[in-house]
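**Student:** Let me give you the structure first, and then I'll get to my questions.
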Amino acid sequence: MAIRLIRKTKDPVLRQVSREVKEISPPLIALMEDMVETMYAAEGVGLAAPQVGINKRIIVIDVQDENGLLKLINPEIVSGEGKECSVEGCLSFPGIAGEVERDESVTVRALTPEGKTVEICASGLLARALQHEIDHLDGILFVDRVIRFIESDEKE
Ligand code: NI
């Protein structure tokens with residue numbers, strides 16, 4: 001495993017629409033392991049492949065709840081319910097935070113690294129993280145959705 005460079009702000013790779021994964025290969029599994037290591041090293045709760053410069057539809061999430069670490073391939077939101085406004089940040093935008101409206105709960109369908117189809121029913125922070133990371137796969141960044149930016153003293 002290795003920590004990969006996190007792409008920031010105006011890097012064009014963040015704006016590409018990522019390609020669907022057709023085959024779960026050993027290099028793809030290795031990429032996912034690197035993404036996990038990179039996310040934990042940066043103390044993030046989620047990371048999408050474009051953030052490490054790879055335009056493939058892969059996300060990793062760990063919001064430190066009972067769902068544990070999620071490694072998802074070709075994730076899709078199949079339904080969403082309710083609206084909730086809360087503060088978000090992104091590892092590609094250090095020091096920036098803002099209020100974003102998201103669906104309060106979502107159902108996401110994806111493949112696991114083992115090639116199994118799973119459906120995840122999520123609410124709260126996990127639902128928010130899923131929507132944020134899936135946005136990355138379509139070249140959509142949280143700053144596009146911010147209703148109000150929050151002053152932040154956080155430095156990186
Ligand atoms: Ni992000």
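**Student:** Can you give me the number of residues within region 113-128 that are in a loop (DSSP other than H, G, I, E, B) and over 19 Å from LEU47 (Cβ atoms)?
**Tutor:** Result for region 113-128: 3.
**Student:** Follow-up question, since we're still on this one. Which number in (1) more than 14 Å from the ligand (Cβ to nearest atom); (2) assigned to a loop (DSSP other than H, G, I, E, B); (3) modelled with pLDDT of 95 or more marks the one condition that GLU154 misses?
**Tutor:** Evaluating GLU154 over (1) more than 14 Å from the ligand (Cβ to nearest atom); (2) assigned to a loop (DSSP other than H, G, I, E, B); (3) modelled with pLDDT of 95 or more leaves (3) as the failure.
**Student:** Cβ-Cβ below 6 Å, separation at least six or inter-chain, first residue in region 45-65 and under 17 Å from PHE93 (Cα atoms) and more than 12 Å from the ligand (Cβ to nearest atom), second in a loop (DSSP other than H, G, I, E, B) and open to solvent by 10 Å² or more (accessible area, probe 1.4 Å): which pairs?
**Tutor:** The qualifying pairs are GLY53/ARG7.
**Student:** Would you check which residues across region 7-30 are out of contact with any helix residue (DSSP H, G or I) (no Cβ under 7 Å at 6 or more places or on another chain) and part of a helix (DSSP H, G or I) and list them?
**Tutor:** Listed by number, the residues that qualify are PRO12, ARG15, PRO26, PRO27, LEU28, ILE29, ALA30.
**Student:** Taking region 1-50 as the region of interest, how many residues are charged (D, E, K, R) and surrounded by 11 or more Cβ atoms within 10 Å (Cβ to Cβ)?
**Tutor:** Going through region 1-50 one residue at a time, the tally reaches 9.
The values are calculated or read from the model by the stated rules, or taken from the named source; none is laboratory data. Only a predicted model underlies this, so the values are computations on that prediction, with no experimental measurement involved. Glycine gets a Cβ as well: all are built from the backbone with ideal geometry, and neighbour counts include every protein chain shown. We work out accessible area using only protein heavy atoms, side chains counted, and drop any ligands, DNA or RNA first. Shrake-Rupley method; radii C 1.70, N 1.55, O 1.52, S 1.80 Å.
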